[in-house]
Amino acid sequence: MTVRAIRGATTATDDSAIAIQEATYELLDIIEARNHDVLYLPDVVSVIFSVTHDLRQIFPAATARHRPGWENIPLLDVQQMYVKQGLPKCIRCLIQFNTLDPALKVHHVYLHQAKGLRPDWG
């Protein structure tokens, strides 16, 4: 087995629990849809979420835990390092999973204002 990872990022419209939940659900929905042929939830090792310092109302991992099939995945939230010119209200995730195919094509997902973080993966 090889461990591979899928990256993703998005932005919330504001610092409210609903906005953070909606942004997290949308990001994970699209990651799962674009990687439906490679991402099998029982093979997920862990998921790390990071948020900028201006998002404080709810943990993205708490939101993800309510998704079907996500209840037993190890999830972790961390705060991103503060950078003065950094993208505000940003939620990032790193999904690590086991696979038998180390060359398998994964699709990283960057939404809304986060599209500018990795234009090469757009």
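The values are calculated or read from the model by the stated rules, or taken from the named source; none is laboratory data. All values reported here derive from a predicted model rather than from experimental measurement. Virtual Cβ from ideal backbone geometry, glycine too; neighbours counted across all protein chains shown.
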Going by what's in this entry, would Asp120 be described as acidic (Asp, Glu) and either part of a strand (DSSP E or B) or in contact (Cβ under 8 Å) with a residue 12 or more places away in the chain (or both)? no
Looking at segment 14-24, which of its residues are outside any loop (DSSP other than H, G, I, E, B) and buried (at least 16 other Cβ atoms within 10 Å of the Cβ)? Ala19, Ile20, Gln21, Ala23, Thr24
Checking Val38, Val45, Val78, Val109 in turn, the sole residue that is of a type outside the set (D, E, K, R) and touching a Gly at 6+ places or on another chain (Cβ under 6 Å) turns out to be Val109
Could you grab me the full set of residues in segment 33-50 that are surrounded by 16 or more Cβ atoms within 10 Å (Cβ to Cβ), among the hydrophobic types (A, V, I, L, M, F, W, C) and at pLDDT 95 or above? Val44, Val47, Ile48, Phe49
Can you tell me which residue within segment 72-88, out of those that are among the aliphatic types (A, V, I, L, M) and in a strand (DSSP E or B), is surrounded by the most Cβ atoms within 10 Å (Cβ to Cβ)? Leu75
Would you confirm whether or not segment 102-116 contains a residue that is basic (Lys, Arg) and at pLDDT 95 or above? no
Residues to consider are Ile58, Ile91, Ile31, Ile95; find the one that is in a helix (DSSP H, G or I), out of contact with any Asp or Glu (no Cβ under 8 Å at 6 or more places or on another chain) and touching a residue at least 40 places away in the same chain (Cβ under 8 Å). Ile31
Among what's in segment 1-28 and is of a type in the set (S, T, N, Q) and in contact (Cβ under 8 Å) with a residue 60 or more places away in the chain, pick the residue that is farthest from Phe49 (Cα to Cα). Thr2
With the condition kept exactly as written, say whether any residue in segment 47-65 is polar (S, T, N, Q), over 25 Å from Pro119 (Cα atoms) and in contact with a Pro (Cβ under 9 Å, 6 or more places away or on another chain). no
Output the residue which, of all residues in segment 61-71 that are part of a loop (DSSP other than H, G, I, E, B) and of a type outside the set (A, V, I, L, M, F, W, C), is surrounded by the most Cβ atoms within 10 Å (Cβ to Cβ). Arg67
